[in-house]
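Quick notes on the structure that follows.
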Amino acid sequence: MLDIGYRDFRFTYKPHVVVVVAVALIANGIIALSGPWWAAIVEALLGVAGLTDVAVRPWQTLVGVMSLLLGVALASYKFFVLDLSDRQRAHDRQLFDDKGVSLPELDSYFRNLVDDHSYRSSLDTVFRKSYDTFAATGSTFQHPAVKAKYDAYRTAAIDLHAFAIDHFSIFPETQPIRADYRYCLAPEYNFDRAMVDWDASKAGEYDGLKKLLHDKVDVAQRAFGAHVNEIQKV
């Protein structure tokens, strides 16, 4: 089955809370810089106490500037980073849904490779679509994390597909024209398929190919699972 149980930690936030905090900081900065009502009273009291050398307004100005800068920085981060990330993720989820990659069929493709060392041509088409569709111009992902996960899956999928092209053949050889052709891993090395007389060396080579196949399927499945989980993040 597809391994899509992968999860990792991601910072979550409430957009309105970020806005409220930013506005509060900016307002506080403006008030501090304009001189609050209590500044004159504090200065008068310090004068009565003989502490005329203690400056109130420089500290007030420093606090105001820092508060204003923090507020502007937080607002900018929200609008130019967090909001952009949300828009990119929404685009990528919609793109993935619109292109209609069939998860059950892709799962069947992977399971058949592992359990039976075979695949059908129709499912091979689904597999190719899963790693080719989003590399086409106008159909690419936008969010950096989603794109990175997709690129990792695409690399693993192309490697698996190249292995299948090199080591799988139509079996049985006589199949109806325009049928959903069945391809099997090195049938001439498999005694249950096209190996007529037992050959230990061929059987050993088949075992080696089988292990390579399982490893490549595992890498591709995990990469696809990570890719799907990244798309589903909110």
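Once the range 144-177 is narrowed to residues that are of a type in the set (A, V, I, L, M) and within 10 Å of the chain's Cα centre (by Cα), the residue that is farthest from Q232 (Cα to Cα) is A152. Search the range 152-188 for residues being of a type in the set (K, R) and without any contact (Cβ under 8 Å) to a residue 40 or more places away in the chain, and hand back the single one that is surrounded by the most Cβ atoms within 10 Å (Cβ to Cβ). Only one residue tops the list, namely R154. Residues that are assigned to a loop (DSSP other than H, G, I, E, B) and more than 16 Å from the chain's Cα centre (by Cα) were ranked within the range 121-141; the one that is surrounded by the most Cβ atoms within 10 Å (Cβ to Cβ) is A136. Taken together, the criteria exclude G225 from residues that are surrounded by fewer than 15 Cβ atoms within 10 Å (Cβ to Cβ) and assigned to a helix (DSSP H, G or I). For the condition in a loop (DSSP other than H, G, I, E, B) and either in contact with a strand residue (DSSP E or B) (Cβ under 8 Å, 6 or more places away or on another chain) or β-branched (V, I, T) (or both), V217 does not qualify. Annotation note: Cβ proximity below 9 Å between a residue of the range 113-129 that is assigned by TED's automatic domain parsing to the domain that holds A156 and a residue that is charged (D, E, K, R) and crowded, with 19+ Cβ neighbours inside 10 Å (sequence gap 6+ or interchain) occurs for L113/K216.
Each residue in the range 87-120 was checked for being assigned to a helix (DSSP H, G or I) and loosely packed, with under 13 Cβ neighbours inside 10 Å, and 6 of them qualify.
The values are calculated or read from the model by the stated rules, or taken from the named source; none is laboratory data. Fair warning: this is a prediction, and the values are worked out from it, not measured in the lab. Don't worry about glycine lacking a Cβ; one is built from the backbone with ideal geometry, like all the others, and counts go over all protein chains shown.
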